[in-house]
1. In the stretch 65-112, which residues are more than 24 Å from Thr222 (Cα to Cα) and among the small types (Gly, Ala, Ser)?
2. Quick one: in the stretch 124-160, of everything that is touching a strand residue (DSSP E or B) at 6+ places or on another chain (Cβ under 8 Å) and part of a helix (DSSP H, G or I), which residue is surrounded by the fewest Cβ atoms within 10 Å (Cβ to Cβ)?
3. Limited to the stretch 425-451, what total is found for residues that are in a helix (DSSP H, G or I) and open to solvent by less than 60 Å² (accessible area, probe 1.4 Å)?
4. Looking only at the stretch 66-95, count every residue that is open to solvent by less than 30 Å² (accessible area, probe 1.4 Å) and at pLDDT below 90 and tell me the total.
5. Going by what's in this entry, would Thr98 be described as among the hydroxyl-bearing types (Ser, Thr, Tyr), outside any loop (DSSP other than H, G, I, E, B) and open to solvent by less than 30 Å² (accessible area, probe 1.4 Å)?
6. Name the residue that is modelled with the lowest pLDDT, counting only residues in the stretch 227-246 that are on the phi < 0 side of the Ramachandran plot and open to solvent by less than 30 Å² (accessible area, probe 1.4 Å).
7. Does any residue of the stretch 105-123 turn out to be in contact with a Lys or Arg (Cβ under 6 Å, 6 or more places away or on another chain), assigned to a helix (DSSP H, G or I) and among the aliphatic types (A, V, I, L, M)?
8. Among all residue pairs at least 6 apart or on different chains, which show Cβ distances below 9 Å where the first residue, located in the stretch 330-344, is under 23 Å from Ala360 (Cα atoms) and the second is of a type in the set (Ser, Thr, Tyr) and at pLDDT 85 or above?
Amino acid sequence: MSSFSGLNTATTALWAQQRGLDVTGQNIANVNTAGYTRQRAELQSVGGNAVPAMYAVSNQVGQGVDADKVIRIRDGFLESRAQIESASTARMTAQDATLAQIEQAFREPGETGIQAKLTAVFTAWGDVANHPTEDGARTAVLQKTATLVTELHTTSANLDKQWTQTRDSLDTLAQDVNAKTQSIADLNRAIKRATQAGLPVNELADKRDGLVMDLATSIGATSSPGDDGQVNVSVAGAMLVSGVSAIGIRAVGTEVPAEATATDPAFVTDPGGTRLALGGTAGGALTALSQTIPRYQQKLDVVARQLADQVNAVHAGPPMAYDKNGDPGGPMFGSGSVPAVPVTAANITLLITDPTEVAAASFAPNGTNASADAGNAAKLAAMAKADTGVAVAYRQLIVDLGVEASVATSNLKTQTVVAAQVDASRESVSGVNLDEEMTNMLQFQHAYSAAARVITTIDETLDVLINRTGRVGL
């Protein structure tokens, strides 16, 4: 063993502690950097020669310490769990936002919603029942009814607009996903090359893992480890990123709200065209397009159709209904210029514009005088309280919407708490703790001072050996 071997051991100690201080400084510098994972210098003792020379025996106690390896502190299970919970939170957020926008489209309760307009129409029919011969009451019925029809058109148009905007967002989301999958593949390539060359890749891995988490939020993607520090990204059983290769996705399907079905629109792989059952924000958007918005549009159409059928049945008879001119009443609502098309909230039309054509009477006028009978108007006014009337049906629609929106909000709150707990657990492992870093700093500082003291001691020993040995008596 060389007399100078202790200097090499102490030198490696100085370098290792300096390395530890450098890593600690890097952690402290990035304490507020989003996506940064705290790092740690792995200190490993360097042993003596395992295989001695042919005619020599090594009795070294070691050759110091090695600190070349700097690792990221991450928990693979928590990372996977965070991806799953992030996807669930994003999906529920999209669903909650969809129902909130639908509530805004209906504007209930309020003075501008359909409920208020329905009430105003039935109240106007009550006025006609009380004043059957007055044109003012009849004109008010037509005005209130026209306002109701306009409100049905507006609400239906708002739902269609919401559907169209959500559909347009799918194309933007697909472009964003494709850009991120390509970036992940590029980072995988850089990480693979750096790993094989023995270069540090921690910052590159942080950036890549941040993109993977973004994909988990967007489409419900998950990751799995690959070779040479790479990761593979998959979603719904399809591999979007495999090492340095990536494929994209694209939105397909109709762009017309009325043509939406339970399986359309959708996302498919590009190339390949394989249909994907995505989660995250994309999953919530697809649910809104194929289920939520069409369901309430259909319910609104049912209300419009029920309004037309019930009012037309009374206004046109049988039994016979008569207007102010003594003529039999006709349909009050239609479906626009195409009679064969079923009535919907979008096409419902008021067919009567002349107040004298309002069929308020159940009996024909006597001679040239207007009939003072208001039996038909009374029947129409009573529809406001009928158990099977359109007013009750519409109120049930609003109740169903309110309950579904409330449940969605409650589920989102619960999921947000779960996701926050997972993030807190992940942060406790991967995040930078300043108290811990300050402790590490003191630890490395004192270890550095001790290593320097070892060098001083060895220097003094060598000084005695070199300068004083053999000089007895001098």
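1. Restricting attention to the stretch 65-112, the residues satisfying the condition of being more than 24 Å from Thr222 (Cα to Cα) are 65-70, 97-112.
Of everything in the stretch 65-112, those that are more than 24 Å from Thr222 (Cα to Cα) and among the small types (Gly, Ala, Ser) turn out to be Ala67, Ala97, Ala100, Ala105, Gly110.
2. Going residue by residue through the stretch 124-160, those that are touching a strand residue (DSSP E or B) at 6+ places or on another chain (Cβ under 8 Å) are 132, 142, 145-146, 149.
When the remaining residues are screened for being part of a helix (DSSP H, G or I), the result is 142, 145-146, 149.
Values: Leu142: 19, Thr145: 23, Ala146: 16, Val149: 20.
Top of the filtered list is Ala146.
3. Our first condition is that a residue be in a helix (DSSP H, G or I); within the stretch 425-451, this holds for 425-430, 434-451.
Imposing the further condition that a residue be open to solvent by less than 60 Å² (accessible area, probe 1.4 Å) reduces the set to 425, 429-430, 437, 440, 444, 447, 450-451.
Total meeting the criteria: 9.
4. Qualifying residue count, the stretch 66-95: 1.
5. Details: among the hydroxyl-bearing types (Ser, Thr, Tyr): yes; outside any loop (DSSP other than H, G, I, E, B): yes; open to solvent by less than 30 Å² (accessible area, probe 1.4 Å): yes.
Criteria met by Thr98.
6. Checking each candidate, the answer is Ala238.
7. Start the filter on the stretch 105-123 by keeping residues that are in contact with a Lys or Arg (Cβ under 6 Å, 6 or more places away or on another chain), which leaves 113, 120-121.
This time we only want the ones that are assigned to a helix (DSSP H, G or I), so: 120-121.
From what's left, among the aliphatic types (A, V, I, L, M): 120-121.
Checking the stretch 105-123: at least one residue is in contact with a Lys or Arg (Cβ under 6 Å, 6 or more places away or on another chain), assigned to a helix (DSSP H, G or I) and among the aliphatic types (A, V, I, L, M).
8. Met332/Thr145; Phe333/Thr145; Phe333/Thr349; Gly334/Thr349; Ser335/Thr344; Ser335/Thr349
The values are calculated or read from the model by the stated rules, or taken from the named source; none is laboratory data. Predicted model, so just to flag it, every value in this text is computed and none were measured. We place every Cβ from the backbone using ideal geometry, glycine too, and count neighbours over all the protein chains shown. Please note that ligands, DNA and RNA were not included when accessible areas were found on the heavy atoms of the full protein model with its side chains. Shrake-Rupley method; radii C 1.70, N 1.55, O 1.52, S 1.80 Å.
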